[in-house]
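Peer 1: Please read through the structure below; I'll follow up with questions.
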Amino acid sequence: MLKGLNLTVVVTGGIAAYKVPDFVRTLIKAGANVRVALTPSAKQFVTPFTFEVLTKYPPLVEDVQSPDTVAHIALADWTDYAIVVPATANTMAKFVNGIADNEALSMMLALDSPLLFVPAMNEKMWANPATKRNVDQLRLDGHTVVEPDTGFLAEGYEGKGRMPAPEAIFQSLLAFITINKQAKTLDLTGYRLLVSAGGTTEKLDPVRFLTNRSSGKMGLAIANVALLAGGQVTLVRTENAKNLPVLPGIEVVTVKSAQELYDKMHAHVTDKDIVIMSAAVSDYRSANPVNQKMKKDQLSNQDGLSIQLTENPDILASLPKAGHYMVGFAAETQNVIEYGRNKLVKKGVDMIVANDVSDQTIGFNADDNQVTLITKDSERTLEKQSKIGVAVEMLAHIQDNISKSKK
Ligand code: CTP
């Protein structure tokens, strides 16, 4: 996904800097050309030589002869996308005020490509009104700022300020690049979204359950992109999607069964502007789930084992429709568009995202997807692309439809 892109990683002086060389390796493995700039205090946590070995290019630092004549300008011109990780309160404060008293800041000031900040600091520094003001200003100036994570801080206690997990930073970067490439106008500031993701499981006994092949990747991509585009996101994910990276700042609720998903979707739907039901719901559950393991010799006869199933509620159809833009998915193996159109009417939604799950390279568990966005008066088939790409185009289409309906 990053193949051929010129990415600049700016490292500033926070303890989380020790994790950045590994992150740089991930970017290189994903096909990016990577260069690094370090602030003077970043060098106390990690050495320029580490990055030189990894990237095969000397990082931009003070007082070191660079192969380029005006090194900070040459790096700014070379950059397609830049990420500041970790971003300290100090560097954000300086940058927002146009201060360029080191090489890294000078390069940042000369950039005309998109800039992503990944702040990491003590929780009191993050909560300080000055930091909040600076972060707000960075966003107003058109930059993207990821929320820090909550967890164990270097100070030895829990708090909000941790650098997000490397996989979450990687997802943020992918979403950030895709938004900038595909839909520069995607802006969900002020929108509240409810997104469901994953596949439900229905208990048969303590060791067995019914489920489906949904991984949750599509729903997670939607939630992460929506957050990065400025939205306020609640994600109801299933247990089997728990290992996929979620960006800090998303409200997360975890469920197992269709009934739990039903309850949580109804509990959270009220104040939402956009509701996207991408979870694959088991249509049936066991009529008699048991609390002890079922034993073969007590259950089966020569005709095999029969399990009585009872139908689950249709969550999407049951959700209140007024006041939100509602989106459902239709995973089909044949007559994809026709079945998708039927579901648009049957479920009473504004959009159905239809995809062909008989193709193993798209749909369930794949990293790519190809979908058709079906509304009452339009049908748009998107190119086959990453699920993040699909999420960006889909959210941009929803944003367009909402603003048209307001005119
Ligand atoms: N859905 C739901 N509750 C269910 C079943 C499905 O909310 N009990 C939602 C899914 O999340 C999806 C949409 O309805 O957004 C379509 O789901 P799908 O499984 O494709 O369709 P079904 O309604 O189950 O119909 P069928 O299995 O006959 O295709």
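The values are calculated or read from the model by the stated rules, or taken from the named source; none is laboratory data. Given the structure is predicted, the values throughout are model-derived calculations rather than measurements. Counting neighbours? That spans all protein chains shown, and the Cβs are built from the backbone with ideal geometry, glycine included. In case anyone asks, the SASA skips ligands and DNA or RNA and just uses the protein heavy atoms, side chains included. Shrake-Rupley method; radii C 1.70, N 1.55, O 1.52, S 1.80 Å.
Peer 1: Hey, which of the helices (runs of 4 or more DSSP H) in segment 103-194, taking only ones fully inside, have at least 1 residues that are under 24 Å from Ile276 (Cβ atoms), open to solvent by less than 10 Å² (accessible area, probe 1.4 Å) and of a type in the set (Ser, Thr, Tyr)?
Peer 2: 166-182
A quick yes/no check of all residues on (1) touching an Asp or Glu at 6+ places or on another chain (Cβ under 9 Å); (2) hydroxyl-bearing (Ser, Thr, Tyr); (3) in a helix (DSSP H, G or I):
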position	(1), (2), (3)
Lys3	no, no, no
Lys19	no, no, yes
Leu27	no, no, yes
Arg35	no, no, no
Ala76	yes, no, yes
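Peer 1: Which of the residues belonging to segment 312-350 are open to solvent by less than 30 Å² (accessible area, probe 1.4 Å) and acidic (Asp, Glu)?
Peer 2: Selection gives Glu332 alone.
Peer 1: Tell me yes or no: at least one residue of segment 371-381 is under 19 Å from Met265 (Cβ atoms), open to solvent by 60 Å² or more (accessible area, probe 1.4 Å) and not in a loop (DSSP other than H, G, I, E, B).
Peer 2: No, because not a single residue in segment 371-381 is under 19 Å from Met265 (Cβ atoms), open to solvent by 60 Å² or more (accessible area, probe 1.4 Å) and not in a loop (DSSP other than H, G, I, E, B).
Peer 1: When you go through Ile222, Ile179 one by one, which is the residue that is within 13 Å of the ligand (Cβ to nearest atom) and under 18 Å from Met1 (Cα atoms)?
Peer 2: Checking each option against the conditions leaves just Ile222.
Peer 1: From (1) in contact (Cβ under 8 Å) with a residue 12 or more places away in the chain; (2) within 15 Å of the ligand (Cβ to nearest atom); (3) not basic (Lys, Arg), pick out the condition that doesn't hold for Gln292.
Peer 2: (2)
Peer 1: Of the conditions (1) away from the ligand (no atom under 12 Å from the Cβ); (2) in contact (Cβ under 8 Å) with a residue 40 or more places away in the chain, Ala267 satisfies every one except a single condition; which number is it?
Peer 2: (2)
Peer 1: Another question, if that's okay. How many residues, within segment 182-215, are within 12 Å of the ligand (Cβ to nearest atom) and modelled with pLDDT of 95 or more?
Peer 2: The total comes to 7.
Peer 1: Have a look at Val327, Val246 and point out the one that is within 12 Å of the ligand (Cβ to nearest atom), within 30 Å of Gln360 (Cβ to Cβ), in contact (Cβ under 8 Å) with a residue 40 or more places away in the chain and in contact with a strand residue (DSSP E or B) (Cβ under 8 Å, 6 or more places away or on another chain). Explain how you work it out, then say what you get.
Peer 2: Values: Val246 fails: within 12 Å of the ligand (Cβ to nearest atom).
Matching residue, one of Val327, Val246: Val327.
Peer 1: Another question, then. Is it true that Leu316 is in contact with a helix residue (DSSP H, G or I) (Cβ under 7 Å, 6 or more places away or on another chain) and within 13 Å of the ligand (Cβ to nearest atom)? Let's see the steps before the verdict.
Peer 2: Numbers: in contact with a helix residue (DSSP H, G or I) (Cβ under 7 Å, 6 or more places away or on another chain): yes; within 13 Å of the ligand (Cβ to nearest atom): yes.
When the stated conditions are applied, Leu316 passes them.
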